[in-house]
Structure formats: structure tokens, C-alpha cells
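Colleague: Structure incoming, see below.
The values are calculated or read from the model by the stated rules, or taken from the named source; none is laboratory data. Everything numeric here is computed off the predicted structure, so don't read it as measured data. Here the Cβ is made from the backbone with ideal geometry for all residues, glycine too, and neighbour counts use every protein chain on show. For accessibility, only protein heavy atoms count, side chains too; no ligands or nucleic acids. Shrake-Rupley method; radii C 1.70, N 1.55, O 1.52, S 1.80 Å.
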Amino acid sequence: MLAKNIVLKALSEGRNVLLEPEAYNLLSAYNIHVCKHKMVSSLEDALKAAREIGYPVVLKIVSPDIVHKSDVGGVKINILNDSHLRESYETLMNDVKRNAPNARILGVLVVEMAPKSVEVVVGMLRDPTFGPTVMFGLGGIFVELMKDVVFRIAPVTKEEALEMIKKIKGYPLLSGFRGSKPLDINSIAELISTVSRIGVEIPEIDQMDLNPIIVYETGFLIVDARVILKVH
Ligand code: ADP
Ligand code: MG
């Protein structure tokens, strides 16, 4: 589906947040690589999806009423095999029903488990004066505690995005230090540039948050995508 249509469909249903699979489809429509994922609505289908994707996998609740999934027990990571998945599926459902009893549950997302590496964040927001603006920073405590982030007005070319990446204090974590291998900042620069283009081309998107993105020596994996729409 066309990126714009994904957004318009959600708006026509009165939603101002894209479901995680919708957000992944939006990114895919822009040729952005996303993790393997499948939405299911039964344990049997979850088992099938996990075997197709390949263990280890992650289970995530899909609900228009839950924005911070892990706060309600809606994310189970590092599921290793069928019996572990059966157990995790049940715990996930029980936790979510207990912690968010009124949330509408549309299904469960089975996702490939991303190996550990450095986490970064890419975001888009609309500045009242400057319009669509992109954000880049290191993930986890770096963004929340150290505020080690840079902003730039969209559109941003890949070269400008590379400059943004080089500006953060934590840059050595990405470029390699003390024997650690340099990570794929080129593909992240391309991602930042594409996100800036989404901000310019789809004004209905108010805010986008790809957090975290795990960066490897080659490529990256986006493991959470939040897209907030404008309601007029
Ligand atoms: P929330 O809605 O709470 O932000 P996330 O989807 O970001 O939920 O999941 C919470 C955390 O679980 C992530 O920050 C990440 O550390 C981990 N996680 C989620 N999905 C994956 C995945 N596919 N691979 C590895 N870790 C993951
Ligand atoms: Mg998240």
C-alpha cells in the first residue's frame, strides 16, 4: 500500500497513532529496511510465524489503545523455541489484560529478535516555525539522560545526515574505538535522509519515532516505530 494511503486509512478510522505493523508498512513503502514481522491473532498462528521468521523472536501486543507496550507487559523478547513461545504468549495476554483491561487488542506481532549492538534513535517532528525537522541521537540512556541529540530542518541530504551523526558526543561508539569495529553510519545517514523526506511529503504525520534502531557493521534493524498523526 502507498505510504500516504496507510496514513489516510488510519485517519479515516479516527486514529491518530499508526499500529506498529502499519508503521513498518509505511517505512517499507519508502524502501526502508524493517525487521521481519507478522501479525497474528492466535497462538497457533504465532507458532507458525515464529518458525517462518526463525527463532529467537519477540512478541508484541498490537492495540490502538497502548502506546508504551512494555509498560503494560506487552513486549516479550528473546523467545527461543515453541514451548517458550507458548508460555510467553500466555504471559503476554495475561499481563496486558491485567495492566490495561480496557485496551482493544487487535493481535500480536511476531518479530525477529535483533542481536545486541549500539542503539540509535531517529525521529521527525514538526517545529511550529521551521516545519518538519529530523532528530538523531544515541538510544537508551544517552537520549533520555545525556540529551546527546542533534536536530536539523528537513529535507536533509545523506551528506548532511552524515554531518549530523558526526556531531553527537557519542560518535566514537559508532565510528569504532578501542578495537570495536566501525558501524554502518552510511545506512543510518540514508535512513535520516529518507525520514526527512517522509516529513516533507506526508504533512499528516505529526511525529515519528524510530526508537530503538540497532546498528551493525552492515545495516541496521528498526525494532520499534511510533508514528503520530495530526488530527484537525
Ligand atoms: P515500547 O512500546 O515499550 O517502546 P518496544 O517495541 O520499543 O516497546 O520494545 C521495548 C524494548 O524491547 C525495546 O526498547 C528493545 O530494547 C526491546 N525490543 C523490542 N523489539 C525487539 C526486537 N525485535 N529485537 C530485540 N529487542 C527488541
Ligand atoms: Mg520503544
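Colleague: Which aspartates and glutamates have a Cα less than 17 Å from the Cα of Lys166, not counting those fewer than 8 places away in the same chain?
Modeller: Glu119, Asp148, Asp184, Glu190, Glu217
Colleague: Compute the acute angle (0 to 90°) between the alpha-carbon long axis of helix 185-201 and the principal axis of greatest extent of the alpha-carbon atoms of the chain; round to the nearest 10°.
Modeller: Roughly 80 degrees between the two axes.
Colleague: Going down the table (Lys4/Lys48; Lys38/Lys69; Lys36/Lys169), which pairs top 23 Å between alpha carbons?
Modeller: Numbers: Lys4/Lys48 31 Å; Lys38/Lys69 17 Å; Lys36/Lys169 32 Å.
Too far apart for the 23 Å limit: Lys4/Lys48; Lys36/Lys169.
Colleague: If you take the alpha carbon radius of gyration of the range 155-213 and divide it by 2.2 N^0.38 Å, what ratio comes out, to two decimals?
Modeller: Compared with the compact-globule rule of thumb, the range 155-213 sits at 1.27.
Colleague: Another question about this same structure. On a 0 to 90 degree scale, rounded to 10, what angle separates helix 3-12 from the longest Cα axis of the chain?
Modeller: 60 degrees
Colleague: What is the angle, in °, between the Cα long axis of helix 20-29 and the longest principal axis of the Cα atoms in the chain? Nearest 10 is fine, range 0 to 90.
Modeller: The two axes meet at around 50 degrees.
Colleague: Sticking with this one: Give the residues of the range 50-77 whose amide nitrogen is closer than 20 Å to a point set 7 Å from the Cα of Val231 in the direction of its Cβ.
Modeller: Counting backbone N atoms under 20 Å from the label point, the list is 62-69.
Colleague: Mind giving me the FRET efficiency for Val150 and Glu90? R0 is 30 Å, r the Cβ-Cβ distance, nearest 0.05 is fine.
Modeller: Efficiency, from the Cβ-Cβ distance: 0.10.
Colleague: Additional query: Take the alpha carbon gyration tensor of the range 36-112, find the square roots of its eigenvalues, order them as a ≥ b ≥ c, and report rounded if a/c is under 1.5; if not, report prolate when a/b exceeds b/c, else oblate.
Modeller: Prolate shape, in that a/c is at least 1.5 and a/b is the bigger ratio.
Colleague: Got a sec? What order do Phe130, Phe136 fall in by accessible area at 1.4 Å, biggest, i.e. largest, first?
Modeller: The residues order as Phe130, Phe136, largest area first.
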